[in-house]
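Everything on this sheet refers to the single structure shown next.
The values are calculated or read from the model by the stated rules, or taken from the named source; none is laboratory data. Remember, predicted model here, so these are calculated numbers, not experimental data. Counting neighbours? That spans all protein chains shown, and the Cβs are built from the backbone with ideal geometry, glycine included.
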Amino acid sequence: MSELYEKMAKELIVGNEVEVKKLTQEAIDGGAPARDVLDNGLLAGMDVVGKRFKAGDMFIPEVLLCARTMHAAMDILKPFLSEGDRAGAGTVIIGTVEGDLHDIGKNLVAMMLQGGGFKVIDLGTNIKPQDFVEAVKEHNPQIIGMSALLTTTMPKMEATIEALKEAGLRDQVKIMAGGAPVTQDFIEKIGADAYGANAAAASEKAKALVA
């Protein structure tokens, strides 16, 4: 099986959806545990994609293609994965804060997190602080990811953290934030736990937060 996994990872890195789906089916038909296929084939490939993206050797369109390929293969694997396996690394709630409708960066982070083995609940854009609070109550995540592309919406990140404190939920979750105008200094100022400078970095930080 290891040769098959290697090939799967290699084809995923180049975004060859047809081949990756075929190899995923082949592995399942051959009796491979779905978790092994996920870890040794798909996640191994996405790990390389993340590193190359971070190093500037891959660009957003290529990463999106790889992520799409991963999703297509996951559709085959899902029926064979237990609920625990699906969220192997933990659950992340992600959203763009209130007043901000930008979602390309957020979507890319969500894909990289899924590629890293997280279960991702994407709330979308223009998410009010109270909506984040309700989502934490409902899904009990390990991490919240907030995104903002406008300097005018950045204060909503702090408002969301305050809302979580008021609800008595702040200590239950780690908070990550990112977006073009967001900086490490800002993250420290508002009391968040981690800053993701880009999608690959955000995925790495998330893994470190739940380690």
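In the range 44-63, which residue that is modelled with pLDDT under 85 and under 16 Å from Ala110 (Cβ atoms) is nearest to the chain's Cα centre (by Cα)? Looking at residues that are modelled with pLDDT under 85 and under 16 Å from Ala110 (Cβ atoms), I get Gly50.
Every residue, every condition in (1) in contact with a Ser or Thr (Cβ under 8 Å, 6 or more places away or on another chain); (2) surrounded by fewer than 17 Cβ atoms within 10 Å (Cβ to Cβ); (3) among the hydrophobic types (A, V, I, L, M, F, W, C), yes or no:
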{"position": "Ser2", "(1), (2), (3)": "no, yes, no"}
{"position": "Glu6", "(1), (2), (3)": "no, yes, no"}
{"position": "Ala9", "(1), (2), (3)": "no, no, yes"}
{"position": "Glu17", "(1), (2), (3)": "yes, no, no"}
{"position": "Leu23", "(1), (2), (3)": "no, no, yes"}
{"position": "Asp29", "(1), (2), (3)": "no, yes, no"}
{"position": "Ala34", "(1), (2), (3)": "no, no, yes"}
{"position": "Val37", "(1), (2), (3)": "yes, no, yes"}
{"position": "Met46", "(1), (2), (3)": "no, no, yes"}
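Within the option set Asp39, Asp57, being charged (D, E, K, R), outside the structural domain of Leu113 (by TED's automatic domain parsing) and within 21 Å of Ala89 (Cα to Cα) holds for one residue only, Asp39. Scanning the range 116-152 for residues that are hydroxyl-bearing (Ser, Thr, Tyr), surrounded by fewer than 21 Cβ atoms within 10 Å (Cβ to Cβ) and in contact with a Ser or Thr (Cβ under 9 Å, 6 or more places away or on another chain) returns a single hit, Thr125. Got at least one residue in the range 104-118 being farther than 23 Å from Ala34 by Cβ, aliphatic (A, V, I, L, M), assigned by TED's automatic domain parsing to the domain that holds Ala163 and not in a helix (DSSP H, G or I)? For the range 104-118, residues farther than 23 Å from Ala34 by Cβ, aliphatic (A, V, I, L, M), assigned by TED's automatic domain parsing to the domain that holds Ala163 and not in a helix (DSSP H, G or I): absent. Screening Ala135, Ala110, Ala159 for residues that are more than 24 Å from Pro181 (Cα to Cα) and among the small types (Gly, Ala, Ser) leaves exactly one candidate, Ala135.
Name every residue in the range 179-211 that is in contact (Cβ under 8 Å) with a residue 60 or more places away in the chain and either touching a His at 6+ places or on another chain (Cβ under 7 Å) or under 15 Å from Gly50 (Cβ atoms) (or both), in order of residue number. If the condition is that a residue be in contact (Cβ under 8 Å) with a residue 60 or more places away in the chain and either touching a His at 6+ places or on another chain (Cβ under 7 Å) or under 15 Å from Gly50 (Cβ atoms) (or both), then Gly196, Asn198, Ala199, Ala200, Ala201, Ala202, Ser203, Glu204, Ala206, Lys207 are the ones that fit. When you check Ala202 against the structure, is it modelled with pLDDT under 95, surrounded by fewer than 16 Cβ atoms within 10 Å (Cβ to Cβ) and assigned by TED's automatic domain parsing to the domain that holds Phe118, yes or no? For Ala202, the condition - modelled with pLDDT under 95, surrounded by fewer than 16 Cβ atoms within 10 Å (Cβ to Cβ) and assigned by TED's automatic domain parsing to the domain that holds Phe118 - is not met.
Okay, residues lined up against (1) β-branched (Val, Ile, Thr); (2) under 15 Å from Glu204 (Cα atoms); (3) touching a helix residue (DSSP H, G or I) at 6+ places or on another chain (Cβ under 9 Å); (4) in contact (Cβ under 8 Å) with a residue 12 or more places away in the chain:
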site	(1), (2), (3), (4)
Val37	yes, no, yes, yes
Lys51	no, yes, yes, yes
Gly56	no, no, no, no
Gly99	no, no, yes, yes
Gly115	no, yes, yes, yes
Asp122	no, no, yes, yes
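When Asp100 is tested against (1) touching a Phe, Trp or Tyr at 6+ places or on another chain (Cβ under 9 Å); (2) surrounded by 19 or more Cβ atoms within 10 Å (Cβ to Cβ); (3) over 30 Å from Ala27 (Cβ atoms), only condition (1) is not met.
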